[in-house]
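What follows is a single structure, written as structure tokens, with notes after it.
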């Protein structure tokens, strides 16, 4: 693979190497008015498209009659499991994600950018597709069971293990991107100083590096936790009927029982929990920011034996964990299974391109048929609009949040709420609040932006917070113009964070299914909607086409992520 | 770098989504001679809200639009439950003129909510009374389908196990671990099958039957896609269970959408008394529409032969008009239950939550 370590070095060099004295470009001393105007667009946006519909539907459905002890007990029971699985999932995600973040931040190896991009793909895959991938690998007929335990397959689908593994699969990229990004730009002189003073590498990690990473780790932890807390598809499809989270219960109450008061009660519980976690987070995180430096990447090839073992074993783990389930989809999209029907086990594979050619044929003459290129185009247009909108709204917010005053401290947790809002509830709120507007295709990127915004803000905020003011002052003292200071000091650090944020927004939008199925018109489906259409009817051709369409979705995302990372905005270092 | 940016811009420009209003724009007819020959008036626009499974042939719809000078726009509303919620929540300012897709398990809720205006379509004359569940004709039947247990023919032939013929057979030891069903709380065929057992054993005894099914290795999953593609042995997923709750029409779909030519369906349905549950889907004119005339025409159209005969291959359900001719494959590969289970919509509406709750306690906890 291509190497990318020949990063441009930043033009500003600072001699002293102590911590402290870091500030955002928007210090709290700036007027409330100015900061308010930075927050306003995003607040207006969330106010109109998030809080307003949510309040409308909650006001319409909430009803004191649901407050029976039986209902509350049930809600409590579901809440307990929701918290339990989210906590476990988050811990496991860090167990894999943190070493992976270290790997990507500190070491260079062949195929690095491709592997990085691959770890981001799960994030956008619709749950139906991930479930199919895991099934092909670990299901009752998966090749693991067929090769290792043909007589008594080990159950996977329908277990807590399946839920946890799927959550780790989905969210490891959050840790890699947020923690890894911070680690890449951690001022290496701090660690070097500790070493010079005689600390061994364990002690440097424990007493210098880890404390410095607290902010990004908490940010990533909160995102992962909230994502798992509001988990829906994974619980439904991989966990099975034995498991129920708040989000699943809301779906059942609202859409199956049409019991909106109960659904509203559960939504309120879910929202309150999200708010509590976000408030706790913002309390601890405001004090932590990472001193970083616009230095060239410190990533290098592994040298000592220990490093080589670390890199090799992690590479093996990551590639088998991410590539195998992902690979099973393209394989299945090209393989015709000539099963000896009725024979459990034995089956033959034949290669075929039929599923792909069939995608281009409107066999039923249906008015809603969509060629794959058009579905991909719909998805890309929505994703591009989501990236643009969420960056435009998110950047000013992240800038002010980076050096929060009292106003920001209050607003900060509110901005995270979209992650914990039930998609079903919000969808119903859209219907009550916007009515005729629902026919507009622009609601899709708007809905996607609501989901993407917390990620964009959290990806940008730590980076902005850690731009050292001294660098700016030094540059200004040396005679650099205002723009030049920004261009040479802020921009190199910002551009990487912007790319990470854009990747999040892009993948969130490409893989989103719930809002797309409610808001797109049937003649304008996105890729995930098109996939689910094929999967909703029997027949080998439908199944094969679903796999082919999923493969196209994966490729589109992979190319998109690689392109975004290749963009390497001018002046940016290694990302 | 610049090139990529440029490329992205070009792509963006090329991909700008169509504005939703475009289709309402009518090109004014400039040539008076043509106008005199065939007076072209502005087509009426009609909005139809449906669930995700709705489909129609381009040619059939185009014929309707031309003949009546109506432009039809479809709004998707998610699955049946979401679509109905959408209609109910927006009933004060309806999003559409016509709503299609409420079935007999949700019918009473839709009627209670008052989302429909009555319309006694003349086309109802061709529809058998068994489908006309709303005497006031607020909801008019369009199509029906039977939810049945599909089985893997080859599995039973190869292992020399007799094919079960009744619900009672399924609790016998030779069928241990062979049946996959969907959770009635999350899946429409799952609910239909639960209702079949309620209809067959009665509301007092059905739960006892489910406890025995559970003891006999019943597999429960949340959705039809998983049940069919992950658990069912005769589907492309080649799962472990040779019996699954699906539709009576699924065997025909297996042939029509096979990935290699088949002379015979690999699956068939168990057709004993009450083993299948009949789902009927309805259309209605949304109360408060400003487009009543066009809406009536569309409802008539859905009950007319061109649409009724289009329904089987588009949605794999059956037309309510008995005169509609089914595609050959339907006669060839599908056997229909002679005695499907039914329950009155009122009965379902009154007890649905209780039955699902009881079922959950007995089967999952």
Q | Residue count for the range A:314-350, restricted to those that are touching a helix residue (DSSP H, G or I) at 6+ places or on another chain (Cβ under 6 Å) and at pLDDT below 80 | A | 2
Q. Do we have any residue at all in the range A:427-441 that's outside any helix (DSSP H, G or I), surrounded by fewer than 19 Cβ atoms within 10 Å (Cβ to Cβ) and away from every other protein chain (no Cβ under 14 Å)?
A. no
Q) Yes or no: residue A:535 surrounded by 22 or more Cβ atoms within 10 Å (Cβ to Cβ), at pLDDT 80 or above and under 22 Å from residue B:150 (Cβ atoms)? A) yes
(Q) Being away from chain A (no Cβ under 13 Å) and either buried (at least 19 other Cβ atoms within 10 Å of the Cβ) or in contact with a strand residue (DSSP E or B) (Cβ under 7 Å, 6 or more places away or on another chain) (or both) narrows it down to one residue among B:244, B:299; which is it? (A) B:299
(Q) Here's a check for you: in the range B:247-259, which residue that is facing chain A (nearest Cβ under 7 Å) and part of a loop (DSSP other than H, G, I, E, B) is modelled with the highest pLDDT? (A) B:257
Q | Residues satisfying the stated conditions in the range B:60-79, i.e. within 9 Å of another protein chain (Cβ to nearest Cβ) and in a helix (DSSP H, G or I) | A | B:60, B:61, B:62
Q) What number of residues in the range B:341-365 are within 13 Å of another protein chain (Cβ to nearest Cβ) and in contact with a strand residue (DSSP E or B) (Cβ under 8 Å, 6 or more places away or on another chain)? A) 2
Q) Quick one: would you say residue A:424 is within 14 Å of chain B (Cβ to nearest Cβ), part of a helix (DSSP H, G or I) and buried (at least 18 other Cβ atoms within 10 Å of the Cβ)? A) yes
Q) Restricting attention to the range B:80-98, which residues are closer than 14 Å to residue A:518 by Cβ and within 7 Å of chain A (Cβ to nearest Cβ)? A) B:81, B:82, B:85, B:86, B:89, B:90, B:95
Q: Determine if the range B:304-321 includes at least one residue that is more than 14 Å from chain A (Cβ to nearest Cβ), closer than 23 Å to residue B:194 by Cβ and part of a loop (DSSP other than H, G, I, E, B).
A: no
Q) For the range B:177-196, how many residues are more than 10 Å from chain A (Cβ to nearest Cβ), farther than 12 Å from residue B:147 by Cα and either assigned to a helix (DSSP H, G or I) or without any contact (Cβ under 8 Å) to a residue 60 or more places away in the chain (or both)? A) 0
Q: Filter the range B:349-365 for residues that are touching a residue at least 40 places away in the same chain (Cβ under 8 Å) and not in a helix (DSSP H, G or I) and give the result.
A: B:364
Q: Give me a count of the residues in the range B:97-114 that are outside any helix (DSSP H, G or I) and touching a helix residue (DSSP H, G or I) at 6+ places or on another chain (Cβ under 8 Å).
A: 10
Q: Go through the range B:115-162 and give me each residue that's within 14 Å of another protein chain (Cβ to nearest Cβ), surrounded by fewer than 16 Cβ atoms within 10 Å (Cβ to Cβ) and outside any helix (DSSP H, G or I).
A: B:160, B:161
Q. Which condition breaks for residue A:514 when tested against (1) surrounded by fewer than 24 Cβ atoms within 10 Å (Cβ to Cβ); (2) over 29 Å from residue B:147 (Cβ atoms); (3) modelled with pLDDT under 80?
A. (2)
Q. Which one is farthest from residue A:235 (Cα to Cα) among residues in the range A:245-261 that are more than 10 Å from every other protein chain (Cβ to nearest Cβ) and buried (at least 24 other Cβ atoms within 10 Å of the Cβ)?
A. A:250
(Q) Please pick out the residue among A:356, A:382, A:369 that is closer than 26 Å to residue B:256 by Cβ and facing chain B (nearest Cβ under 9 Å). (A) A:369
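The values are calculated or read from the model by the stated rules, or taken from the named source; none is laboratory data. None of the values given here were measured: they were computed from a predicted structure. Cβ: placed from backbone, ideal geometry, glycine included. Neighbour counts: every protein chain shown.
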